[in-house]
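The values are calculated or read from the model by the stated rules, or taken from the named source; none is laboratory data. For clarity, every value in this text was computed on a predicted model and none was experimentally measured. Using ideal geometry, Cβ is built from the backbone for each residue, glycine included, and neighbour counts are taken over all protein chains shown. We work out accessible area using only protein heavy atoms, side chains counted, and drop any ligands, DNA or RNA first. Shrake-Rupley method; radii C 1.70, N 1.55, O 1.52, S 1.80 Å.
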Amino acid sequence: MKTIELIQGDITQLNVDAIVNAANTSLLGGGGVDGAIHRAAGRELLDECKQLNGCRTGEAKITKGYSLPARYVIHTVGPAWHGGNNNEEMLLEGCYKNSLLLASKHQLKTIAFPNISTGVYRFPKEKAAAIAIATVKSFLLDHPEIEQVVFVTFDQENFDLYQALL
Ligand code: AR6
């Protein structure tokens, strides 16, 4: 079975146990993939997010998926890139690790990630892809309960980077 998969497209369309949202610390929505997820999930997602008291950078929180095909949304907050000396790489690694830990804790087997921090937050795409892939691969070695991880790229540059690295 193929544990890690790469697809290009809109993460809100995926029928997996959980899609990951590249959110901000308020968890109250925004642009990019966050906006797309909130639009597709519907108002109830925002209502549940309002109960969560936000989320720290590098950490993750879970909600239901509401009108999405995915059963759950794991909201994580990527670091904004400020030159690389502000713990950005460790924080991005934390996003992937903490999202996977939450999936495992909730007995979820299939999870899809967007390219966290590589849009509005301007994390260099090549570095971000290398961190995402290394973190997921190392997690899967110790966590066979996670059956499938899908990397969902939206732009061609990320797709090409992931294809080369995987
Ligand atoms: N499906 C999959 N990937 C997408 C989609 C989609 N529908 N839409 C965009 N992407 P960004 P960030 C890709 O900016 O950099 C928000 O306002 C996009 O091409 O969504 O972590 C939040 O509220 C890019 O590769 O997230 C925060 O304030 C990737 O998703 C802030 O932006 C991430 O881009 C977070 O910034």
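Name every residue in the range 30-47 that is surrounded by fewer than 17 Cβ atoms within 10 Å (Cβ to Cβ) and either more than 9 Å from the ligand (Cβ to nearest atom) or of a type in the set (Lys, Arg) (or both), in order of residue number.
If the condition is that a residue be surrounded by fewer than 17 Cβ atoms within 10 Å (Cβ to Cβ) and either more than 9 Å from the ligand (Cβ to nearest atom) or of a type in the set (Lys, Arg) (or both), then 39, 42, 43, 44, 46, 47 are the ones that fit.
Rundown of residues vs (1) touching a Pro at 6+ places or on another chain (Cβ under 9 Å); (2) closer than 19 Å to residue 152 by Cα; (3) open to solvent by 50 Å² or more (accessible area, probe 1.4 Å), yes/no style:
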| residue | (1), (2), (3) |
| --- | --- |
| 87 | yes, no, yes |
| 91 | yes, no, no |
| 107 | no, no, yes |
| 113 | no, yes, no |
| 121 | yes, yes, yes |
| 128 | no, yes, no |
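For the range 78-166, which fully contained helices (runs of 4 or more DSSP H) count at least 3 residues that are closer than 19 Å to residue 65 by Cα?
Output list reads 88-105.
Mind counting the residues in the range 1-16 that are part of a loop (DSSP other than H, G, I, E, B), in contact with a helix residue (DSSP H, G or I) (Cβ under 7 Å, 6 or more places away or on another chain) and crowded, with 17+ Cβ neighbours inside 10 Å?
Of the residues in the range 1-16, 0 are part of a loop (DSSP other than H, G, I, E, B), in contact with a helix residue (DSSP H, G or I) (Cβ under 7 Å, 6 or more places away or on another chain) and crowded, with 17+ Cβ neighbours inside 10 Å.
Checking residue 52 against (1) among the hydrophobic types (A, V, I, L, M, F, W, C); (2) buried (at least 22 other Cβ atoms within 10 Å of the Cβ); (3) over 15 Å from residue 99 (Cα atoms), which single condition isn't satisfied?
If we test residue 52 against (1) among the hydrophobic types (A, V, I, L, M, F, W, C); (2) buried (at least 22 other Cβ atoms within 10 Å of the Cβ); (3) over 15 Å from residue 99 (Cα atoms), just (2) comes out false.
Each row is one residue, and each column tells you yes or no for (1) within 14 Å of the ligand (Cβ to nearest atom); (2) under 16 Å from residue 27 (Cβ atoms); (3) of a type in the set (Gly, Ala, Ser).
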residue	(1), (2), (3)
51	no, yes, no
82	yes, no, no
101	no, no, no
144	no, no, no
